[in-house]
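Everything below concerns the one structure shown next.
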Amino acid sequence: QVQLVESGGGLVQAGGSLRLSCAASGRSFSSYTIGWFRQAPGKEREFVAAISRSGSNIYYGDSVKGRFTISRDNGKNTVYLQMNSMKPEDTAVYCCGAQSGTWYYYMSSLYEYWGQGTQVTVSS
């Protein structure tokens, strides 16, 4: 079993940056694909980014490509989401999830474990 805790959210102005962290406890962190998803009020959960077990494969949602960067440090059991050039439409609760599979990384239903989420607010 894996427990996930997100941190790093907050309030930032448009054009600014934030770095989110997803810290995991439990064993075999490196056995999981980690994904970031976000959900704004009144909207469906949206895929943001995912990273494979070794970090060799990385995927991004279309709305964040070129602005966000996902990375992981298996020695620290942590995945990071660097968010640059932020826009008001990035405002949402950001959650990280872990799944033991390697395909369909964009499907939140396949993620077995979730953190509690962290709020990100981008002001215009």
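The values are calculated or read from the model by the stated rules, or taken from the named source; none is laboratory data. What you are looking at is a predicted structure, and each value in this text was computed from that prediction instead of being measured. Here Cβ is always computed from backbone atoms with ideal geometry, including for glycine, and neighbour counts include all displayed protein chains. Remember, those area values only see protein heavy atoms, side chains included, never the ligands or the DNA or RNA. Shrake-Rupley method; radii C 1.70, N 1.55, O 1.52, S 1.80 Å.
Scaling against 2.2 N^0.38 Å puts the C-alpha radius of gyration of the range 1-47 at 1.43. Count Lys and Arg as plus one, Asp and Glu as minus one, and take only other residues whose Cβ is under 11 Å from that of residue 83; the net charge is then +3. Annotation: per residue accessible area for the chain equals 51 Å², rounded to a whole number [probe 1.4 Å, protein chains only]. Which aspartates and glutamates does residue 87 reach when only Cα atoms under 20 Å apart count, and residues fewer than 8 places away in its own chain are ignored? Straight-line reach from residue 87, under 20 Å: 44, 46, 62.
Local charge sum around residue 32 (other residues, Cβ-Cβ under 9 Å, Lys/Arg +1, Asp/Glu -1)? Local charge sum for residue 32: 0.
Running Debye on the chain with equal point scatterers at the Cα sites and no solvent, what base-10 log of I(q)/I(0) appears at q = 0.21, 0.22 Å⁻¹? Taking Cα atoms of the chain as identical point scatterers yields -1.18, -1.29. Under the convention that each Lys and Arg Cβ holds +1 and each Asp and Glu Cβ holds -1, the size of the dipole of the chain around its Cα centre is about 220 debye. Loop-located trypsin sites (Lys or Arg not before Pro) across the range 1-76 with a Cβ neighbour count of 11 or fewer within 10 Å are 27, 43, 65, with loop assigned by DSSP.
Here the accessible area is traced with a 1.4 Å probe on the protein chains. For the chain, carbon and sulfur cover 47 percent of it.
Computed from backbone phi, the HN-Hα couplings of the range 49-62 come to 6, 8, 9, 6, 4, 8, x, 7, 10, 10, 9, 10, x, 4 Hz, rounded to whole numbers (Karplus: 6.51 cos²θ - 1.76 cosθ + 1.60, θ = phi - 60°; Gly and Pro given as x).
Length available on full extension from residue 7 to residue 116: 0.36 nm per residue minus the Cα-Cα distance, which gives 38.3 nm. From most to least packed by mean Cβ count within 10 Å, the peptides 102-114, 77-89 give 77-89, 102-114. In percent, rounded to a whole number, the relative contact order of the chain is 35, using alpha-carbon pairs under 8 Å and six or more apart.
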